[in-house]
Structures are given as C-alpha cells and as structure tokens.
Amino acid sequence: MTHSFIKVAAVTDHDTTRGCNSTRQLASAYPEILIIPGAEISTPQGDVVLLGAQEMPPQPWTVENVIDFARERDYVSIVAHPYREYGMGDVARNYKVDAIEVLNGGSSPSANKSARELARLMGLPGVGGSDAHQPAELCNVYTDIQASMDIDEILKAIRKGLVSVPPMGKSIHF
Ligand SMILES: [Zn+2]
C-alpha cells in the first residue's frame, strides 16, 4: 500500500471566511502544512466554492457576482457537488467557472459520475473535496496538484488543470 501525505488543506465554511482565518492562525505553528483560505457560497443557483478568498464577495451572492469577484482577484471558483442538493446541476454550463468538483466526499457515486461528465463537457479541470464537517471525514477525498507549496502557485495550477483526483478511500494522512 502506498501512503500519500496531505500537505495542503482548503477551509471553506458556508458563507463565511471566519473559520479559515482562525484555522490559518492555528496552522501557523505547523510550517509543513499550508491552509488555503476560501468559502463555500450559497447562491440561488447552487453552491460555489471560492479558493484563495480571505473575504466574502459583496452581496448579492449571485453566481455572476461570485465568479466575477473571483476572477478579478485571481481566486478560483468551483462548482461544488453539482448533482446533489444545493448543487447547480446542468445550469453550471452557463457560467465561466474555473473548475468542477468531480469527487465530493458526501455525494453518491452516481452524482460524482455526473459531475465528472460535466467537467468533461465544459472542458474544465476537476477537483476533489472531502466536504468534511467532522475531523474524521477530512481525508477521504483529495486532489493531487502539481505545484509548489505556495497558495498562488496552487491556485494557478488548478486553473491550468494541473490536477488529478484519485478514487475515494485511498490511504492518506496529514
Ligand atoms: Zn455545499
């Protein structure tokens, strides 16, 4: 069995960046771990994850506003769990997001399969997200990213598609 080690985690609470900011303060004691700030924003069309953001976009949180906010600041916008509750579904095709969450730790295999197909149709990179709400759920899903340990480099690599998502349930650790 091969063991991979997770060195980077994105903290994306619902509709707030407070959690990621306090996590980053706590994580500063562990220089080998990098915390990517962000949030998962509830839009009327479905959830959008922003990576890189330390502050929330201005209201109203329409998909357009959230995506524009991300693009202007070089953050990454991701359609979260598109084929689950609060997911955008096929509507995502109308928006110029940066990536699709193709493997979500809380979605069914068929919902994840549809998400992968959506990414393929849109020609967008696919990323994995644990959707962890408890510590035990943290490492079930992850994304391999070809980048150095630098937030801007990681965000750039995601936009360029230098990412892959291993199947769920591989043995991984912090
Ligand atoms: Zn969500």
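The values are calculated or read from the model by the stated rules, or taken from the named source; none is laboratory data. Since we're looking at a predicted model, the values are computed, not measured. Cβ placement follows ideal geometry from the backbone for every residue including glycine, while neighbour counts extend to all protein chains displayed. For accessibility, only protein heavy atoms count, side chains too; no ligands or nucleic acids. Shrake-Rupley method; radii C 1.70, N 1.55, O 1.52, S 1.80 Å.
Quick one: pull the percent of accessible area on the chain belonging to carbon and sulfur, 1.4 Å probe, ligands and nucleic acids left out. Of all accessible area on the chain, carbon and sulfur atoms account for 52 percent. For L162 and R73, the difference between the fully extended length at 0.36 nm per residue and the C-alpha to C-alpha distance is 30.0 nm.
Think of a 1.4 Å ball rolled over the protein heavy atoms: the chain then has 53 Å² of accessible area per residue. Rounded if a/c is under 1.5, else prolate if a/b is larger than b/c, else oblate: which is the stretch 1-126, with a ≥ b ≥ c the root eigenvalues of its Cα gyration tensor? Note, shape of the stretch 1-126 comes out oblate. Placing +1 on the Cβ of every Lys and Arg and -1 on the Cβ of every Asp and Glu, with nothing else charged, gives the stretch 39-174 a dipole about its Cα centre of roughly 480 debye.
Take every DSSP beta bridge whose two residues both sit in the chain; close to 50 percent of them are antiparallel.
Take every Cα pair under 8 Å whose residues are at least 6 apart in sequence, average their separation, divide by the length of the chain, and the relative contact order is 18 percent. Shown is the FRET efficiency for A27 and Y86, computed with R0 = 22 Å from the Cβ-Cβ distance and rounded to the nearest 0.05: 0.20.
With R₀ fixed at 30 Å, the C-beta to C-beta distance from Q54 to R116 puts the FRET efficiency at about 0.50. Helix-only arithmetic for the chain: the sum of -39500 (n - 2.57) across DSSP H runs with n ≥ 4, divided by the residue total, places the mean residue ellipticity at 222 nm at -7500 deg cm²/dmol. Remark: the I6-L34 segment gains 9.1 nm on full extension, using 0.36 nm per residue and subtracting the alpha carbon distance.
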